[in-house]
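Below is one structure, written out as structure tokens; the observations come after it.
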Amino acid sequence: MLLRLFQLLAVVLMGVQLGVSYAHYMQMPGKLLLPLDCYILVQNQVISYKVKLAFIEIPSLISTTLATILIRRHLKSFLLTLVGLVCMILMWLVWALFIQPLNQQIDVWTPLTAPNNWADFRYQWHFYHLVRLGIALLGMVALTSSLLVGTRVKSVVEQKVTLT
């Protein structure tokens, strides 16, 4: 029962992370057209996730780690859950190594202090979010598949055999 709870949490929380990544993808075309002053306003004020995502990513990592440990005896489900866990770790690494340093720079920009190549920073920020989207999609497929592996629906013939 505890295993199912952690698996469910892992899938739901990965789904939320996938949704956030997809939202960044959906915002990208419009944000790439914004002039600097509007971009800074939207990036730093309107779309400000900051600490809120920690409330998703930390429980996500914990529940998936616990699910991975608890399901270790079921090889197929274990491997798929492990892939999901690795995807979560990779998503966090992409954020920590690439996105967060960009966020810290963009957070202090004003229209007068932004670097001349500010658009390059914007493209990098969106690129790394697309990388996270791909990783989140793979992780979501793996975690969802881990719930389905080993689940077998009896065919009509098997049901008749068990009835007789």
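Overview of values
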quantity: Principal-axis tilt of helix 2-33 within the chain, Cα atoms, nearest 10 degrees; calculated: 30
quantity: Under the Karplus curve 6.51 cos²θ - 1.76 cosθ + 1.60, θ = phi - 60°, whole-Hz ³J(HN,Hα) for the range 58-67, x wherever Gly or Pro sits; calculated: 5, x, 4, 5, 5, 5, 6, 4, 5, 4
quantity: Whole-Hz ³J(HN,Hα) from phi, Karplus 6.51 cos²θ - 1.76 cosθ + 1.60, for the range 118-129, glycine and proline x; calculated: 4, 5, 5, 4, 4, 5, 4, 4, 5, 4, 5, 6
quantity: Integer Hz, Karplus 6.51/-1.76/1.60 couplings in order for the range 88-104, x for Gly and Pro; calculated: 4, 5, 5, 4, 5, 4, 4, 5, 5, 8, 10, 6, 4, x, 5, 4, 5
quantity: Share of pairwise Cα separations in the range 16-110, more than 22 Å, in percent; calculated: 41
quantity: Additional length obtainable on full extension of the chain from Leu148 to Thr113, 0.36 nm per residue less Cα span; calculated: 7.4 nm
quantity: Ellipticity estimate at 222 nm from DSSP helix runs (n ≥ 4, -39,500 (n - 2.57)) divided over the chain, nearest 500; calculated: -25000 deg cm²/dmol
quantity: Relative contact order [Cα under 8 Å, 6+ residues apart], the chain, whole percent; calculated: 38
quantity: Where N is the number of residues in the chain, Cα Rg divided by 2.2 N^0.38 Å; calculated: 1.35
quantity: Sorted by Cβ neighbour density within 10 Å, fewest at the top, the residues Asp37, Asp120; calculated: Asp120, Asp37
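None of the figures in this text is laboratory data; all of them are computed from the coordinates on show. Predicted model only: the values in this text are computed from it and were never measured. Because the Cβ atoms are built from the backbone with ideal geometry, glycine has one as well, and the counts that use them run over all protein chains shown.
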